[in-house]
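Working notes, beginning with the structure itself.
Laboratory data are not the source of any read-out in this text; all were calculated from the coordinates shown. Everything numeric here is computed off the predicted structure, so don't read it as measured data. Cβ coordinates were reconstructed from backbone atoms using ideal geometry, including for glycine residues, and neighbour counts include every protein chain displayed.
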Amino acid sequence: MDQPQPILSVRHLSTCFRTDRGVVTAVDDVSFDLFPGESLGIVGESGCGKSVTSKSIMRLLPEHLSFLRPESQILFDGMNLARADERTMREVRGNRIAMIFQEPMTALNPVFTIGWQLDEALKYHTSLGREGRRQRTIEMLRLVEIPNPEKRIREFPHQLSGGMRQRVLIAMALCCEPEILIADEPTTALDVTIQAQILRLMENLKQRLGTAIVMITHNLGVIAQTCDRVIVMYAGRIVESAPVKQLFHQPRHPYTKALLESIPRMNPGDHGQRLPSIEGIVPSLYDLPPGCRFADRCPRRQPSCVEAEPELEPVDSASLVRCFFPWE
C-alpha cells in the first residue's frame, strides 16, 4: 500500500529572536510531517517552543524581532511558506491553514460583534454575498453547537462565556474549511466539562471535514484523547516522536517518561503520596548546556551526556528519540 503524502512538511525549522542580549534560537532544527486527516500532538513544558513553532508555520511572529534561519522549510502544496511573501501568506492564513489561538478571552476583538468577526474572514476568502455570508456564519455557529446562533451573531464577546468564546474561535477557524487546523492550547482556562465538549467537537469536525489537526498543549490527557501521533519538545528541540499509544506505554526519552509520571492518577493506595515532579527547570536559551539539554535533570545521566548532544534518531519504524540511552 502506498504511503500517503504529507499535507505539510516542516524541515529544519529554526526560529530566532533578536534581543538586547543578542540572537537567541527559540526553535532549533525542528522537522516533522503532518498527514491528511491526522491529529498530531505537540507537548512540553512552558517555554519549550510549542507555540513559537505554530506561529512560525503561520508566519505570525513580528519580523522586526524574529527571523527564520535560511535552512528552514515549511512545505505546503508546492510552496515553501518560510520564504513566501505576505500576499501569499494572507491567502493561506485562515483559508487553507487556520489557527485557534490560546486565549479565548483576548483573541476576539471586543468592539465588534461575533457575526462581524466571522463575516470578515468569509468576505476576504470567499465569493459569497452578504446574505450568503450571514447564512454561512449562522451555519458555523450551529456546527460548533452554539444555541440560538441568529441571536448570537449580534452579540459582543463580553456577552459570551469562556466556553462560548472558544467555540466562536473554532467556528472562525473552520468557516473556510481549512485543510490544516492548528489548535494552540484550545482548552486552557476551561473547566473539565467544557474541555470535554470542545475536544469532542474538534474530533467531530475532523471526521466531518477531513481536516488535519496540530494540537499544541501541555496536557497529556488531551493528547491521549485526541491525537494519533505525538512530538515531545524540550528547550526548542524535538526529543521524541512516536504514535500516541506507543509513547504512553513505552516512552523512550527520560523527559517523556518524567512527563507521564507527573500525570495525576486515582489509584488505590495513593492517598497521601506526593505527585512526582521533574526536578530543576528548563535551561535558559541564552546559556544552553554543551551536551544534552535535559542532562541536568535526567536520572539516566552519564558522562557522555554532558560532552555531546545526541541526535534525533529512529529507534523503530515509527518513532524517533534524542537520547544516548533510549532503552533503559
Review point. If you take all C-alpha pairs in the range 137-204, what percent of them are over 13 Å apart?
Key: 64 percent
Review point. What is the set of long-range amide H partners of Ser66 at a cut-off below 5 Å, with H atoms built 1.01 Å from backbone N?
Key: Arg18
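Label the range 91-176 by shape, choosing from rounded, prolate and oblate, from the square roots a ≥ b ≥ c of the eigenvalues of the Cα gyration tensor; if a/c is under 1.5 it is rounded, and otherwise prolate applies when a/b is larger than b/c, oblate when it is not. Walk me through the numbers on the way to the answer.
Numbers: a/c = 1.64, a/b = 1.18, b/c = 1.38.
Taking the square roots of the gyration eigenvalues as a ≥ b ≥ c, the range 91-176 is oblate.
Can you pull the semi-axes for the chain, root of five times each eigenvalue of the Cα gyration tensor, sorted largest first, whole Å?
Values: eigenvalues 252, 113, 70 Å².
Semi-axes from the Cα gyration tensor: 35, 24, 19 Å.
Mind checking the range 148-247 for trypsin sites (Lys or Arg not before Pro) that DSSP puts in a loop (not H, G, I, E or B) and that have at most 13 other Cβ atoms within 10 Å? Please report the intermediate quantities before stating the final value.
Working: sites: Lys151, Arg152, Arg154, Arg165, Arg167, Arg200, Lys206, Arg208, Arg229, Arg237, Lys245; in loops: Arg154.
Listed in order of number, the matching sites are Arg154.
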Check your understanding: Using a basic spin-label model with each label point 7 Å from the Cα along Cα→Cβ, how many nm lie between Gln5 and Glu63?
Key -> 2.9 nm
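Give me the extension gain from His218 to Thr106: residue separation times 0.36 nm, minus the current Cα-Cα distance, reported in nm with one decimal. Walk me through the numbers on the way to the answer.
Working: separation 112, 0.36 × 112 = 40.32 nm, distance 2.01 nm.
Residue separation times 0.36 nm, minus the Cα-Cα distance, leaves 38.3 nm.
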Review point. For the chain, list the DSSP H helices whose alpha carbon atoms reach 24 Å or more along the long axis and whose average Kyte-Doolittle value is -1.0 or above?
Key: 192-209
Study note, to complete from the structure: Computed from the beta carbon distance with a Förster radius of 35 Å, FRET efficiency for Glu309 and Thr188 to the nearest 0.05 stands at 0.65
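Below 8 Å, C-alpha to C-alpha, sequence gap of six or more: please give me the relative contact order for the range 1-68 in percent. Don't jump to the answer; show the numbers that get you there.
On the way: 83 pairs, mean separation 23.9, N = 68.
Normalised by residue count, the contact order of the range 1-68 is 35 percent.
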Study note, to complete from the structure: In order over the range 277-290: 3J(HN,Hα) from phi, Karplus 6.51/-1.76/1.60, θ = phi - 60°, whole Hz, x for each Gly or Pro, gives 10, 8, 5, x, 9, 5, x, 5, 5, 6, 9, 6, x, x
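How large is the Kirkwood hydrodynamic radius of the range 24-180, counting all unique pairs of alpha carbons, in Å? Show your work: numbers first, answer last.
On the way: mean 1/r = 0.0581 Å⁻¹.
Roughly 17.2 Å, rounded to one decimal.
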Check your understanding: To the nearest 500 deg cm²/dmol, what mean residue ellipticity at 222 nm is calculated for the chain from DSSP H runs of n ≥ 4 alone, each contributing -39,500 (n - 2.57), summed and divided by the residues?
Key -> -9000 deg cm²/dmol
Review point. Longest exposed-loop-site-free stretch of the chain, with chymotrypsin sites (Phe, Trp or Tyr not before Pro), DSSP loop and at most 14 other Cβ within 10 Å?
Key: 113-285
**Study point:** Fluctuation leader among Leu275, Leu68, Leu201 - the chain, Gaussian network, Cα springs under 10 angstrom
**Key:** Leu275
Point to revise | Part-to-part distance (alpha-carbon centres) for the range 238-257 and the range 200-225, which is given in Å | key: 19 Å
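Please give the direction-averaged projected area of the C-alpha convex hull for the range 156-296, in square nanometres with one decimal.
Working: hull surface 47.7 nm².
So the Cα hull casts an average projection of 11.9 nm².
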Exercise for review: Can you give me the three principal axis dimensions of the range 276-328 from its C-alpha atoms, in Å, biggest first?
Suggested key: 34, 27, 20
Point to revise | Modelled FRET efficiency - R0 45 Å, Glu139 with Arg21, Cβ distances, 0.05 increments | key: 0.35
Study note, to complete from the structure: So, relative contact order of the range 144-255 in percent, Cα under 8 Å, 6 or more apart, is 19 percent
Study note, to complete from the structure: Each label sits 7 Å from Cα toward the beta-carbon; between Phe35 and Phe156 the label points are separated, in nm, by 4.8 nm
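Taking only C-alpha pairs under 8 Å that are 6+ residues apart, what is the relative contact order of the chain in percent? Intermediate results must be reported in sequence, preceding the final value.
Numbers: 558 pairs, mean separation 64.3, N = 328.
Here the relative contact order equals 20 percent.
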